[in-house]
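Taking it in order: structure first as structure tokens, then the write-up.
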Amino acid sequence: MTGNRNFIIDVLLKLHIAACVIFIFAPILGSFVFSLNSDRFPSLPLGQFSTEWYRLIWEDPFVWTGFYNTVIVGFVVAVIATLLGFGGAYTDFRYNFFGKNIYLALALLPPTIPVVIMGLAMLAFLSRVNLSGSTISVIIAHGVMCSPFAMAIIRLRLSQMDPDLEAAAWNLGGNEWATLRHVIIPFTKPAILAALFITMAVSFDEFAVAWFVSGLNETLPVKILGFLQGQVSPRINAIGSLAFVSSITLIILAQILLRNSSKEKS
Amino acid sequence: MNIHTDMKSDAIVKLDGVVKKFGEFTAVERADFEIGRGEFLAIMGSSGCGKTTTLRMLAGLEDPTEGDIWLDGERVNGKATWDRDTPMVWQSLALFPFLTVQENVEFSLRMRGISKSERTERARKWLDKMQILEFADRNISQLSGGQRQRVALARALVTEPKILLLDEPLSALDAHLKVRMQAVLSNLQKDLGITFVYVTHSMSEAFAMADRVVIMSRGRIEQIGTPQEIYHAPRNRFVAEFLGSANIFSGRLAGTSGDDWLIDTDHGRFAVSALHAPAKSPGDAVTFIVSAENMRISPEGSGVPGIRARVVGEEFVGATAIVFLETESGEELKVQKSHGELASVDLHPGSTLILHWESETCHVLPGE
Amino acid sequence: MTIRRPRLFPLVLSLPLLLWQLAFFLFPLVFLVAISFWTVRNFQMTPDLDFGNWERILTRNTFWDAYARTAMLATASAVLTSLIAFPAAYAISFKLSDRVKQWLIFVLIIPFFTSYLVRIYALQVFLSDAGIINALLGMLGIGPFLMLNTTFGTLVGMVTLCLPLVILLQIFSLNFVNRDLIEAAHNLRCGRLRTVFLVIVPSARVGLVIAALFAFILSFGDFVSPLYLGGGNPPTLSIMITDITKSGQQWPRAAVVALMMIGTLLTVAFAAITFAYKERGK
């Protein structure tokens, strides 16, 4: 019988999954390990355990400025992108209108345009309107890139809503504004919070656009790019690890919020 | 003032030539009827017949394309649903999952800006009335189907409206609970004395509860009447087929014999009681029905005049059985009899029987 | 709702996003078209209607070499990633329990929120001449191999970038394959492997093609892998854009390159989607 062969195939397939996961995560784990390693250029066997690189970035005022800018930008972008995304998601959920496809394309396409091109286009445009080089220019660019993510997350939550719920609120005497406040927002609240966290995380990692448009107002990822272009420095690993830990914390928070809300639904 | 003088004093709703189109699609072709104060009206039909659209127009969730809707003496076309007092009980119940039972019931009071203390008092009164006060602080997800139903009713009735709209509210319940909730609804409507407009696809629900029934199909109103009127005297072929228990025959009027009409059909000439029949002259097309219970059967070769038909199959319905038969020309007929009555005949698929009936049990469809 | 006069409510909700994306997404792209016809004099861009930039870029061999190289790399990355991803996506979708499946999907989302730059930097450490991989191979007595600053290095970086997304998209399309079809195929004596190629792949074709398309788009526009793992020489189109912008004010020429890239991506996307949906009406 084929039972034995099937078993071997299943094992091989599972090994393949493991290989893929290792391949994807090796660089991520690698940068963690390297950030705690004394060698400037780590290889096997690994050097000694060291927190030297963390000490160096701790003492680097430019890293602190970059970090500060990243957090400010991330926070503002998260709020703007979530507000814009909520409006877009609700529009898609509720209305049918002429040109809706164009509306959706405009709303959702930015992440598919290569960041280099987006960066170039925005730099050219924003410098024309005298906005390049400022923190505002980074916020604008990140708003464009992040709002589709917020919109997708909130739209997904709205599609879990009983479509009669909104009409029921109108029918019970709430006008559209009251219904938005008392029904739509409470229902989508977990997704709104998840969108805030996820857009903040996307903004943290969106280096290229920031690099193009920001000039001096560097955010952390731009700082990393600077390191890459200059001499090799394992400080990038330390910064990357810190950024990763903060991003992943945001993602896990978002995931927990979404999980709980879908449980509550059933 | 534009007072609609035709309106009967006891009518709370009047639909006047109401048409609803969605683009090219006509959902309601022309609705003209009134609903009385304190009446329990059921609107019945299969899905897509326009019954829910009609209800949504009453609620203000859709605007009629043509015609006028009058509510308690006021023309309400274009008036938003939140400015009307026409609460609805939804098929999905549409309870707010993020609010507790009591908060759900308070919702419409909150939308009307009523103070917290009065809201609580009124909501609790209705929860008590619906016998779910003990669940006031529960989450909706912790309630059973029947309890949710009661929350939905309390939520709709808390403003003490003159009319309640119900959109297939019982369709999700199992058979036993459905019958119990029918009783709850019937009693509630009598106690409150307000108008219920109840949309359903189920004949048994409509006939069990309603004072009057509106039967719709493809956006058209096929018949309005009390359950008895509709059951015993369907107006046309659609209603007869919808009720499902009748055999339908078409033919031409050949002449009269006393009070009966003589009608020529493919199966021969039949005498038919013309009690409810409209005026017709010889040669006109006539359609009449004989209900399955009124059909009689005799074995082949018994010499009784009637229609020869072959047995196709048999279905048990409690103490009775429905026998499905087919004539030589392929027409489907059915007979409903008690098991005792059926014992004397051969019901094996393929065996042939003679079907016949009394002329006074026939009903001529006036709308055909 | 059927109230016809324009109302504030829908406008307040729908317009902000529309205006934002028009002003800061569509308009910059349109602006890019405009400046591709501008001229640069004394390091200053001047509005113009000059085809010189187009002519200059499109008649140069270096551009077409970079174009061919970029297209080749992106195609190779899309094919390679799809081939590596498919057995994994197949196994995750068909062989694992729902809990493990959900957990793996979550794991595959994580890389989207790590810095691509940091990952590429770590890959440099893995791939370099005295790096981790060569050290490992050395223990086995093989190597060292030249991996950094090669096409191989570029492709490793691109596959790292695309693999999680492609696996996820493939899982989602495979989840929609009707399970009964597979049992029906087995029941009709179609073996496991033949079922994969005759039933599963055709059923999931749209999703598989779209996953490959995303890999192509990502790789085509990527400038980090070709630069830091491929050595940047010969350049790809993205590297060209950054080079042109950094060296003086030659943005109009960079715009030409960028527009050629967008044109290529739109063509490829259109062709791929047409191919994905072809024959579905039969």
- Long-range neighbours under 7 Å by Cβ, at least six apart or interchain, first residue polar (S, T, N, Q) and modelled with pLDDT of 75 or more within the range A:40-56, second surrounded by 14 or more Cβ atoms within 10 Å (Cβ to Cβ) and part of a loop (DSSP other than H, G, I, E, B): A:Gln48/A:Ser38; A:Ser50/A:Leu36; A:Ser50/A:Ser38; A:Thr51/A:Leu36
- Query: Of all residues in the range B:265-305, which are in contact (Cβ under 8 Å) with a residue 60 or more places away in the chain and in contact with a Lys or Arg (Cβ under 7 Å, 6 or more places away or on another chain)?
  - Reply: B:Ala285, B:Val286, B:Thr287
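Filter the range A:155-165 for residues that are in a helix (DSSP H, G or I) and either facing another protein chain (nearest Cβ under 9 Å) or touching a residue at least 40 places away in the same chain (Cβ under 8 Å) (or both); which is surrounded by the fewest Cβ atoms within 10 Å (Cβ to Cβ)? Can you show your working first?
From the range A:155-165, those in a helix (DSSP H, G or I) are A:155-159, A:164-165; that's our starting set.
The next check asks that each one be either facing another protein chain (nearest Cβ under 9 Å) or touching a residue at least 40 places away in the same chain (Cβ under 8 Å) (or both); those that pass are A:155, A:157-159, A:164-165.
Working: A:Arg155: 22, A:Arg157: 22, A:Leu158: 19, A:Ser159: 11, A:Asp164: 18, A:Leu165: 20.
It comes out as A:Ser159.
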- Note on the structure: Within the range B:282-311, restricting to residues that are among the small types (Gly, Ala, Ser) and farther than 26 Å from B:His232 by Cβ, the one that is nearest to the chain's Cα centre (by Cα) is B:Gly283
- Within the range A:44-58, is even one residue surrounded by 13 or more Cβ atoms within 10 Å (Cβ to Cβ) and within 8 Å of chain C (Cβ to nearest Cβ)? yes
- Message: Going residue by residue through the range C:49-62, is there one that turns out to be surrounded by fewer than 18 Cβ atoms within 10 Å (Cβ to Cβ), more than 30 Å from A:Pro163 (Cα to Cα) and within 12 Å of chain A (Cβ to nearest Cβ)?
- Response: no
- Message: Testing A:Lys223 on (1) within 12 Å of chain C (Cβ to nearest Cβ); (2) at pLDDT 70 or above, one condition comes back false. Which one is that?
- Response: (2)
- Message: I need a count of the residues in the range B:316-361 that are of a type in the set (Asp, Glu), at pLDDT 85 or above and in a loop (DSSP other than H, G, I, E, B).
- Response: 3
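When you scan the range C:203-219, do you find a residue that is among the hydroxyl-bearing types (Ser, Thr, Tyr), surrounded by 18 or more Cβ atoms within 10 Å (Cβ to Cβ) and under 13 Å from the mean Cα position of the chain (by Cα), even just one? Reasoning before the result, please.
First, the residues of the range C:203-219 that are among the hydroxyl-bearing types (Ser, Thr, Tyr): C:203, C:219.
Of the ones still in play, those that are also surrounded by 18 or more Cβ atoms within 10 Å (Cβ to Cβ) are C:219.
Imposing the further condition that a residue be under 13 Å from the mean Cα position of the chain (by Cα) reduces the set to C:219.
Among the residues of the range C:203-219, at least one is among the hydroxyl-bearing types (Ser, Thr, Tyr), surrounded by 18 or more Cβ atoms within 10 Å (Cβ to Cβ) and under 13 Å from the mean Cα position of the chain (by Cα), which makes the answer yes.
Matching residues to (1) surrounded by fewer than 23 Cβ atoms within 10 Å (Cβ to Cβ); (2) within 12 Å of chain C (Cβ to nearest Cβ):
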| position | (1), (2) |
| --- | --- |
| A:Val115 | no, yes |
| A:Leu120 | no, yes |
| A:Val129 | yes, yes |
| A:Ser134 | yes, no |
| A:Val144 | no, yes |
| A:Ala167 | yes, yes |
| A:Glu176 | yes, yes |
- Message: Going residue by residue through the range B:208-225, is there one that turns out to be in a helix (DSSP H, G or I) and modelled with pLDDT of 90 or more?
- Response: yes
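Residue under question is B:Ala156, and the condition is that it be touching a strand residue (DSSP E or B) at 6+ places or on another chain (Cβ under 8 Å), in contact (Cβ under 8 Å) with a residue 12 or more places away in the chain and not in a loop (DSSP other than H, G, I, E, B); does it hold?
So B:Ala156 fits the description; yes.
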- Pick from the range B:327-340 the residues that are in contact (Cβ under 8 Å) with a residue 12 or more places away in the chain and farther than 16 Å from B:Thr265 by Cβ: which of them is surrounded by the most Cβ atoms within 10 Å (Cβ to Cβ)? B:Val335
- Task: Looking only at the range C:152-162, decide whether some residue is aliphatic (A, V, I, L, M) and touching a Pro at 6+ places or on another chain (Cβ under 9 Å).
- Result: yes
- Picking from B:Ala27, B:Ala42, B:Ala94, B:Ala59, which residue would you name as being under 24 Å from the mean Cα position of the chain (by Cα) and farther than 25 Å from B:Ala156 by Cα? B:Ala27
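I'd like to know if the range C:256-273 contains one or more residues that are assigned to a loop (DSSP other than H, G, I, E, B), more than 10 Å from chain A (Cβ to nearest Cβ) and either closer than 26 Å to C:Leu161 by Cβ or in contact with a Phe, Trp or Tyr (Cβ under 9 Å, 6 or more places away or on another chain) (or both). Reasoning before the result, please.
Of all residues in the range C:256-273, those assigned to a loop (DSSP other than H, G, I, E, B) come to none.
Taking every residue of the range C:256-273 in turn, none turns out to be assigned to a loop (DSSP other than H, G, I, E, B), more than 10 Å from chain A (Cβ to nearest Cβ) and either closer than 26 Å to C:Leu161 by Cβ or in contact with a Phe, Trp or Tyr (Cβ under 9 Å, 6 or more places away or on another chain) (or both).
Sort out which residues of the range B:54-72 are touching an Asp or Glu at 6+ places or on another chain (Cβ under 8 Å), buried (at least 17 other Cβ atoms within 10 Å of the Cβ) and farther than 13 Å from B:Val214 by Cβ, and write them in order of number.
Let us first name the residues in the range B:54-72 that are touching an Asp or Glu at 6+ places or on another chain (Cβ under 8 Å), namely B:55-57, B:60, B:67-70.
In the following step, the residues that additionally are buried (at least 17 other Cβ atoms within 10 Å of the Cβ) were identified as B:55-57, B:60, B:67, B:69-70.
Scanning the range B:54-72 gives B:Arg56, B:Met57, B:Gly60, B:Gly67, B:Ile69, B:Trp70.
The values are calculated or read from the model by the stated rules, or taken from the named source; none is laboratory data. Since the model is a prediction, treat every value here as computed from it, not as a measurement. All Cβ positions, glycine included, derive from the backbone under ideal geometry; neighbour counts span all protein chains shown.
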